[in-house]
Amino acid sequence: MIWVDTLVQGILLGGLYALFAAGLSLVFGIMRLVNLAHGDLIVFAAYLVLMGVTLLGLSPWVAALIAMPLMFALGWLLQIGVLNRVLGKDILPPLLVTFGLSVALQNGLLEAFSADSRRIPAGALEGASLDLGIVTVGVMPLLTFISAIIVIVALNALFYHTALGRAFRATSDDAVTAGLMGIEPKRVFAMATGIAMVVVTIAALYLGMRANFDPSIGPARLIYAFEAVIIGGLGSLWGTLAGGVIIGVAQTFGAAVNPEWQILAGHIAFLAVMLLKPRGLFPRAVD
Amino acid sequence: MLLETHNLTASYGQFRALFGVDIAVDTGECVAIIGANGAGKSTLMRSITGIIRNEPAMVLHWGEPIGARPSAEIMKRGIAMVPEGRRLFPSLSVEENLLIGGQARKGDGPWNLEAVYDLFPILRERRKNAGTALSGGQQQMVAIGRALMSNPELLLCDEISLGLAPVVIRDIYAALPKVRAGGTAIVVVEQDIGKALAVADRVYCMMEGRVTLVAKPADVTRQDIHAAYFGEAA
Ligand SMILES: Nc1ncnc2c1ncn2[C@@H]1O[C@H](COP(=O)(O)OP(=O)(O)OP(=O)(O)O)[C@@H](O)[C@H]1O
Ligand SMILES: [Mg+2]
């Protein structure tokens, strides 16, 4: 029954990738913006949580709760101050700007925190596990996966059942006509990026508690997030979870065969899905 | 005056589309704007609603210069538009398309979801459908209902009869008196001169970016209109 164990570990790992990807997916779905600094923003948030823990002596959960509004504000300001100015018909300027932001964040973090790898101490949860009969799962991976589901359910509820979500969808359809409805696209985009940064904070919490991180690891997380979003179909949040799970499962099975194959197997699964379904598993009808 | 334009000019890049347009609409009025393809009617509507930004003093709302304000602010002041081509949001259902029209401004007046469904009963049956899954006439009804949801002071309708069958046009035009009864002034942009003259208190005719005729429907002859519309003596 070793393969059942591998499968379950892979699915749970997919939850982490889905958390990395959910904010990216949200922002892309609303404003067709690919934020190349997404991974570095996750790392930045992880340092923010770490500071709450080390400097203020807070538990990681409380530190993350405090980091969320700060990250929301950062996202809002980033959108209003920078990204809104470069969004337009041409997709290149926002790519260049977020790439620049990525480099700047990495260097800033290196300056502030050095290249040493760090970890958010999770106390007793670290290494704790739960015996489910057929398989034994780590408490931390399980919490990550549950959090991913909660995040996606919450984002979907926001997207499909609130006035703000209606404004998100309308603005994404047709920003000019949304303006005629009294909606200010730039404010809507700022809200979206703010919310994406709250999700980034949750991703950062688990990233930092589960593994070591240092200022340089952002781009690698971005790749997993990207692959999860693209496998799922651009703009579909459940698709993003499915994408994360596919990469996670491919990685654990790859690692089960040969530990060196873990990362490669994830990328191969991504390519395989792209060959079979170039638009992803759950593409949106209108694009 | 509820809304005035003063010497309004507008361009698309190098191309000048409006050359000093003056129109005025007062509370409760229904004004029609007619003109051939390319006369600048839609450009005038886009300028009023802030899709095209102008000099502040070119558009006045209760005497206040609003020519440079963004669309969202104009809408919140109570000027709603049914845009050319309807422009429903494809990701939103019929009901959501209506709701979004009243989200940023509720306004005082009779219009809400129920009132719009009473005005266009077919929409009640179709409320869960995607807005874009409807027939052209039904889509036009959604676009009008969406604009009414904010209980606007002024409703701008850009070619609401375009591409629709005569019976459907009749149904849609039958809604306009009810809109006026609710206290909303109306501007209808029309290519159908007969329709325009039938509903309007005042008609403006445009040609090549200029107003070529202003008149009360009762006072104009076919010759006047022909000359103003095509720029030649009949
Ligand atoms: N987006 C645009 N870019 C460049 N020129 C434009 C644009 N929109 C309109 N024009 C030009 O401006 C002029 C006025 O166009 P406008 O759409 O206002 O006319 P209209 O009276 O609404 O015509 P129609 O009855 O066909 O809708 C036309 O010559 C048109 O070609
Ligand atoms: Mg037009």
Next item on the list: Answer yes if at least one residue in the stretch B:64-83 is more than 30 Å from B:T9 (Cα to Cα) and among the polar types (S, T, N, Q), and no otherwise.
Entry: no
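Determine which member of the set A:I246, A:I230 is touching a helix residue (DSSP H, G or I) at 6+ places or on another chain (Cβ under 6 Å) and crowded, with 16+ Cβ neighbours inside 10 Å.
Step by step, each of A:I246, A:I230 is checked, and only A:I246 is touching a helix residue (DSSP H, G or I) at 6+ places or on another chain (Cβ under 6 Å) and crowded, with 16+ Cβ neighbours inside 10 Å.
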Note to self: Return the residues of the stretch B:154-170 that are more than 16 Å from ligand 2 (Cβ to nearest atom) and either buried (at least 17 other Cβ atoms within 10 Å of the Cβ) or assigned to a loop (DSSP other than H, G, I, E, B) (or both); say none if nothing qualifies.
What the structure shows: B:L154, B:L155, B:A165, B:V168, B:I169
Next item on the list: Determine whether B:V82 is closer than 20 Å to B:V189 by Cβ, within 14 Å of chain A (Cβ to nearest Cβ) and surrounded by 18 or more Cβ atoms within 10 Å (Cβ to Cβ).
Entry: yes
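Helices (runs of 4 or more DSSP H) wholly in the stretch A:142-212 with at least 1 residues that are more than 14 Å from every other protein chain (Cβ to nearest Cβ), surrounded by 24 or more Cβ atoms within 10 Å (Cβ to Cβ) and not charged (D, E, K, R) - which ones?
In the stretch A:142-212, A:185-210 are the helices (runs of 4 or more DSSP H) which contain 1 or more residues that are more than 14 Å from every other protein chain (Cβ to nearest Cβ), surrounded by 24 or more Cβ atoms within 10 Å (Cβ to Cβ) and not charged (D, E, K, R).
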Next item on the list: Kindly list, by first and then second residue, each pair from a residue in the stretch A:262-284 that is on the phi > 0 side of the Ramachandran plot to a residue that is buried (at least 17 other Cβ atoms within 10 Å of the Cβ), limited to pairs with Cβ atoms under 7 Å and residues at least 6 apart or on different chains.
Entry: A:G280/A:I230; A:G280/A:I231; A:G280/A:G232; A:G280/A:G233; A:G280/A:L234; A:G280/A:G239
Check: Across the stretch B:13-30, which residue is farthest from B:C205 (Cα to Cα) among those that are within 16 Å of ligand 2 (Cβ to nearest atom) and in contact (Cβ under 8 Å) with a residue 12 or more places away in the chain?
Finding: B:A17
Next item on the list: Kindly indicate whether A:G88 is assigned to a helix (DSSP H, G or I), over 17 Å from the mean Cα position of the chain (by Cα) and surrounded by fewer than 21 Cβ atoms within 10 Å (Cβ to Cβ).
Entry: no
Notebook entry, point to check: For the subset of the stretch B:129-185 comprising residues that are among the basic types (K, R) and more than 13 Å from chain A (Cβ to nearest Cβ), which member is farthest from ligand 1 (Cβ to nearest atom)?
Noted result: B:K178
Check: In the stretch B:30-43, is there at least one residue being closer than 21 Å to A:G182 by Cα and either within 16 Å of ligand 1 (Cβ to nearest atom) or within 11 Å of chain A (Cβ to nearest Cβ) (or both)?
Finding: yes
Check: Looking at (1) in contact with a Gly (Cβ under 6 Å, 6 or more places away or on another chain); (2) modelled with pLDDT under 95; (3) more than 14 Å from chain B (Cβ to nearest Cβ), which is the one condition that is false for A:G235?
Finding: (3)
Notebook entry, point to check: Only one of (1) of a type outside the set (S, T, N, Q); (2) more than 21 Å from B:F230 (Cα to Cα); (3) away from every other protein chain (no Cβ under 14 Å); (4) crowded, with 19+ Cβ neighbours inside 10 Å is not met by B:M75, so which one is it?
Noted result: (3)
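Confirm whether A:L109 is surrounded by 14 or more Cβ atoms within 10 Å (Cβ to Cβ), in contact with a Leu (Cβ under 7 Å, 6 or more places away or on another chain) and not in a strand (DSSP E or B).
no
Where residues in the stretch B:38-58 are of a type in the set (A, V, I, L, M, F, W, C), without any contact (Cβ under 8 Å) to a residue 60 or more places away in the chain and assigned to a helix (DSSP H, G or I), which of them is farthest from ligand 2 (Cβ to nearest atom)?
B:A57
The values are calculated or read from the model by the stated rules, or taken from the named source; none is laboratory data. What you are looking at is a predicted structure, and each value in this text was computed from that prediction instead of being measured. Neighbour counts are summed over all protein chains in view; Cβ atoms, including those assigned to glycine, are modelled from backbone coordinates with ideal geometry.
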